[in-house]
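Coordinate-derived values only; no laboratory data. None of these values were measured; they are calculated from a predicted model. Cβ coordinates were reconstructed from backbone atoms using ideal geometry, including for glycine residues, and neighbour counts include every protein chain displayed.
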Amino acid sequence: MPFRFRAGKNVTREFRRIAREQVERAQRELDEQSEGRHEAVHDVRKRCKKIRGLIRLVRPAFDEYSAANEHFRDTARLLSVSRDATTLIECFDALVTRFESSKPADIELLRPLRIELHDRRAETTDDEQLDERITEVRVRLHDSLNAIETWQLHASGFDAIGGGFTKTYDRGRKAFRTAYKKLLPEQFHEWRKRVKYHRYHLEVISDCWPGPIKARCDEAKTLSDILGDEHDLTVLGDVLQNEGPWVIGEERVAILQDLIERRRGELRARARTLGQRLYAEKPKQFERRIRQIWKAWCRDAREKKR
């Protein structure tokens with residue numbers, strides 16, 4: 001079933017069901033690896049992030065939040081080395097695509113870097129080591145299914161999710177302002193995490209009012225992707241700064257750093273516009289509106305059962 005609450009259902013049971021389904025999907029993705037090992041690793045990490053977003057939604061009503069959050073955070077981290085190395089290749093490819101028509105000579109000079117990034121991934125993601133990590137992740141996912149069946153919330157209805165929903169929105173709003181005030185990479189990365197959690201929160205309640213909430217969820221996803229691309233460029237730039245001169249030469253590093261800065265500037269400009277739209281409302285205002293939408297949805301579900 002989708003990553004969504006169903007109308008009129010017990011929130012605690014829905015919370016457990018959604019988490020359980022995400023774990024089971026992660027297990028299947030590791031078993032099947034239909035699109036390759038690295039894509040399966042990426043998918044499993046996404047499942048863990050969605051579960052962490054789900055438990056953050058109910059955090060004020062969930063006494064086991066810290067243990068559950070730590071469990072899925074550490075599970076995803078077991079696969080981070082493999083995914084981070086793949087992300088650098090994807091980031092480089094996207095940068096090439098963006099500038100290959102306007103900067104063809106520079107791009108041609110940079111193409112050998114892709115081979116180096118592939119070699120780097122091979123060095124940092126030893127197959128035997130990755131097998132061991134995947135085995136450990138399988139064990140952790142299996143164990144989590146037993147834990148999920150014991151999860152309890154000490155609130156019901158919108159009261160179970162309202163506090164977490166509003167807190168995440170408020171933190172995202174503050175992170176947005178801080179990012180453009182300080183203009184530091186770590187602040188944009190922090191904002192991106194808040195946007196991603198807000199997106200998951202919208203997704204899980206999207207059946208309340210499918211059209212408008214789905215549209216907002218899509219905007220949040222777009223913003224999260226933009227900020228993700230911006231962060232990946234920062235990481236690529238750091239790798240080049242530390243390793244590049246010895247691998248591809250200072251001239252190529254300087255060219256690539258210039259392209260990275262240009263692209264990061266473009267992405268930050270786009271992110272600012274989306275952020276202004278997404279975080280226009282004050283937190284309490286936004287919470288009241290979502291609460292009324294939730295109540296109307298639940299009332300409609302009850303009336304349909306009569």
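Once you sort the root eigenvalues of the Cα gyration tensor of region 1-153 as a ≥ b ≥ c, which label holds: rounded (a/c under 1.5), prolate (a/b larger than b/c) or oblate (the other case)? Since a/c reaches 1.5 and a/b is larger than b/c, the shape of region 1-153 is classed as prolate. Comparing Cα centroids, region 219-287 and region 42-92 end up 21 angstrom apart. Counting neighbouring Cβ atoms within 10 Å and putting the fewest first, the residues HIS198, HIS142 line up as HIS142, HIS198.
Relative intensity of region 156-306 on a log10 scale, I(q)/I(0) at q = 0.10 Å⁻¹, equals -0.45, per a Debye sum over C-alpha point scatterers of equal strength in the absence of solvent.
When only the Cβ of Lys, Arg, Asp and Glu is charged (+1, +1, -1, -1), the dipole of region 178-306 relative to its Cα centre reaches about 1480 debye.
Across region 106-204, the relative contact order, built from alpha-carbon pairs under 8 Å that are at least six residues apart, equals 19 percent. The alpha carbon centroids of region 187-208 and region 145-165 are separated by 18 Å. Listed by Cβ neighbour count within 10 Å, with the fewest neighbours leading, TRP151, TRP191 appear as TRP151, TRP191. When each of LYS181, LYS174, LYS50 is scored by the number of other beta-carbon atoms lying within 10 Å, the sequence from fewest to most is LYS181, LYS174, LYS50. Ranking ILE107, ALA85, ASN146 by Cα position along the charge dipole of region 56-150, where only Lys, Arg, Asp and Glu carry charges on their C-beta atoms, puts ILE107 farthest toward the positive end.
Computed over every Cα-Cα pair of the chain and binned at 20 Å starting from 0, the pair-distance distribution P(r) comes out as 30, 54, 16, 1 percent. Peptide packing: for 41-47, 9-15, the average count of neighbouring Cβ atoms within 10 Å per residue gives the ranking 41-47, 9-15, highest mean first.
When a/c reaches 1.5 or more, the comparison of a/b and b/c decides; with that in mind, is region 112-201 rounded, prolate or oblate per its Cα gyration tensor? Since a/c reaches 1.5 but b/c is at least a/b, the shape of region 112-201 is classed as oblate. For a straight C-alpha distance cut-off of 28 angstrom, the lysines reachable from LYS304 (same-chain residues fewer than eight places away being disregarded) are LYS9, LYS214, LYS295.
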